[in-house]
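Read through the structure below, which is laid out as structure tokens, and then see the notes.
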Amino acid sequence: MKWVLTSDWRTWGLLGPLLAFAIVNVFLQQGWGSASFTIPAVMAFYAGVEWLRKRWGVEVEPRRRDHNASAE
């Protein structure tokens, strides 16, 4: 689990599609009025990820960039 939390890309790459599917599913079942209530859930997931990182002492890895590729 810590492996996922050490990278924003891995964390949100896994949670993002799941949360997007939930929003679409609520919209299809109940409409935009109810789908707008899923925004606090997304914010709660973000807060939960930050809380877990702090509690477990996980630091987010800085993004690695290939400086040679950007010089072209």
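The values are calculated or read from the model by the stated rules, or taken from the named source; none is laboratory data. Not measured: the values here are computed from a predicted model. Here the Cβ positions follow ideal geometry from the backbone for every residue, glycine too, while neighbour counts run over all protein chains shown.
Are any residues in segment 18-58 assigned to a helix (DSSP H, G or I) and among the hydroxyl-bearing types (Ser, Thr, Tyr), and if so, which ones?
Going residue by residue through segment 18-58, those that are assigned to a helix (DSSP H, G or I) are 18-30, 32-35, 38-56.
Those that are assigned to a helix (DSSP H, G or I) and among the hydroxyl-bearing types (Ser, Thr, Tyr): 34, 38, 46.
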Segment 32-52 - residue that is within 25 Å of residue 7 (Cβ to Cβ) and among the hydroxyl-bearing types (Ser, Thr, Tyr) and, of those, surrounded by the fewest Cβ atoms within 10 Å (Cβ to Cβ): 46
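Has segment 20-35 got any residue that is among the small types (Gly, Ala, Ser) and modelled with pLDDT under 85?
Keep residues of segment 20-35 that are among the small types (Gly, Ala, Ser), which gives 20, 22, 31, 33-35.
Filter once more, keeping what is modelled with pLDDT under 85: 35.
Yes, the conditions are met somewhere in segment 20-35.
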Residue within segment 44-64 that is acidic (Asp, Glu), out of contact with any Pro (no Cβ under 8 Å at 6 or more places or on another chain) and in contact (Cβ under 8 Å) with a residue 12 or more places away in the chain present: yes
Residue within segment 10-31 that is more than 14 Å from the chain's Cα centre (by Cα), polar (S, T, N, Q) and exposed (fewer than 10 other Cβ atoms within 10 Å of the Cβ) present: yes
Odd one out for residue 3 among (1) out of contact with any Lys or Arg (no Cβ under 9 Å at 6 or more places or on another chain); (2) exposed (fewer than 10 other Cβ atoms within 10 Å of the Cβ): (1)
